[in-house]
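The values are calculated or read from the model by the stated rules, or taken from the named source; none is laboratory data. Every value quoted in this text rests on a predicted model; they were computed, and no experiment measured them. Because the Cβ atoms are built from the backbone with ideal geometry, glycine has one as well, and the counts that use them run over all protein chains shown. Ligands, DNA and RNA are excluded from the accessible area calculation, which covers all protein heavy atoms including side chains. Shrake-Rupley method; radii C 1.70, N 1.55, O 1.52, S 1.80 Å.
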Amino acid sequence: GDSVTQMEGPVTLSEEAFLTINCTYTATGYPSLFWYVQYPGEGLQLLLKATKADDKGSNKGFEATYRKETTSFHLEKGSVQVSDSAVYFCALSDSGTGGFKTIFGAGTRLFVKA
Amino acid sequence: NAGVTQTPKFRVLKTGQSMTLLCAQDMNHEYMYWYRQDPGMGLRLIHYSVGEGTTAKGEVPDGYNVSRLKKQNFLLGLESAAPSQTSVYFCASSYPGGHNQPQHFGDGTRLSIL
């Protein structure tokens with residue numbers, strides 16, 4: 001079945017460091033891919049999305065490219081801030097013959113030190 | 001603009017008790033979802049609804065029932081609570097368009113079953 005695998009955390013970085021959080025997926029159809037962010041005590045918020053191969057999603061300095069050939073959707077940011085500390089979830093959604101499905105990765109916790 | 005509102009925010013139940021979690025959205029979204037979030041497992045879809053009066057099973061539906069009598073509300077019921085249902089429950093909603101649409105999440109309900 002479909003699945004999403006994220007790099008295990010926590011990831012600890014200093015402010016202004018480069019961030020990469022790896023995400024790979026397996027899917028039988030043509031899913032849309034998402035990154036969500038969760039701050040303590042809150043629900044998930046959409047960070048960015050891509051709906052087809054080679055699409056690049058971007059928001060607030062974060063970017064991710066839908067790579068069908070490597071089944072990946074890695075999240076990157078050139079210079080992280082303390083306020084980026086949160087849990088990041090990679091997710092796929094598909095609505096093929098098996099019905100609607102949305103699969104989340106286990107989440108990657110990011111700590112950014114001042 | 002409230003977005004997605006979940007009630008209650010916290011609840012402690014004894015094994016065998018029943019309860020209903022309420023989700024309300026004011027964005028006129030057609031689709032609504034219930035997830036559970038457990039440590040190290042990301043979010044898993046319990047049930048979802050693509051419109052008023054319709055519901056469908058997700059990945060982990062056993063032990064739960066749902067109802068969507070009004071477009072803006074989606075109720076999740078536990079008929080006989082079990083300790084394995086201790087979790088954080090999130091409701092979400094989205095526009096139609098299936099898997100291309102991002103989901104908007106509530107802040108969650110933390111449920112403990114003793």
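Taking N as the residue count of the stretch A:18-104, its C-alpha radius of gyration divided by 2.2 N^0.38 Å amounts to 1.09.
All other residues whose Cβ lies under 14 angstrom from that of A:Thr24 are scored, Lys and Arg at +1 and Asp and Glu at -1, for a net of -1. The figure for B:Lys70 is an accessible area of roughly 120 square angstrom, using a 1.4 Å probe on the protein chains alone. Near A:Glu42, no amide H atom lies under 5 Å from its own; only residues 5 or more places off or on other chains count, and H is placed 1.01 Å from N.
Here chain B is treated with +1 on each Lys and Arg Cβ and -1 on each Asp and Glu Cβ, and its dipole about the Cα centre works out to around 220 debye. Computed with a 1.4 Å probe over protein heavy atoms only, the accessible surface of chain A comes to 47 Å² per residue.
If you sort B:Thr20, B:Thr86, A:Thr108 by accessible surface, 1.4 Å probe, largest first, the order is B:Thr20, B:Thr86, A:Thr108. If you plug the beta carbon distance of B:Ser18 and B:Lys71 into 1/(1 + (r/R0)^6) with R0 = 35 Å, you get a FRET efficiency near 0.90. In straight-distance terms, cross-link reach from B:Lys70 covers every one of the aspartates and glutamates whose alpha-carbon lies under 18 Å from its own, apart from those fewer than eight places away in the same chain; here that gives B:Asp26, B:Glu30, B:Glu52. Excluding ligands, DNA and RNA and using a 1.4 Å probe, chains A and B jointly bury around 1700 Å² of accessible surface, summed across both partners. A simple spin-label model places the labels of A:Glu8 and A:Asn22 1.3 nm from each other, with each point 7 Å out along Cα-to-Cβ. Among A:Glu63, B:Glu59, A:Glu16, the sequence by solvent-accessible area, most first, with a 1.4 Å probe is A:Glu16, B:Glu59, A:Glu63. For chain A, the tally of Lys pairs with Cα-Cα distances below 18 Å comes to 10, considering only residues 8 or more apart or on different chains.
For B:Val66, the amide hydrogen comes within under 5 Å of the amide hydrogens of B:Gly77, counting only partners 5 or more places away or on other chains and with H modelled in the peptide plane.
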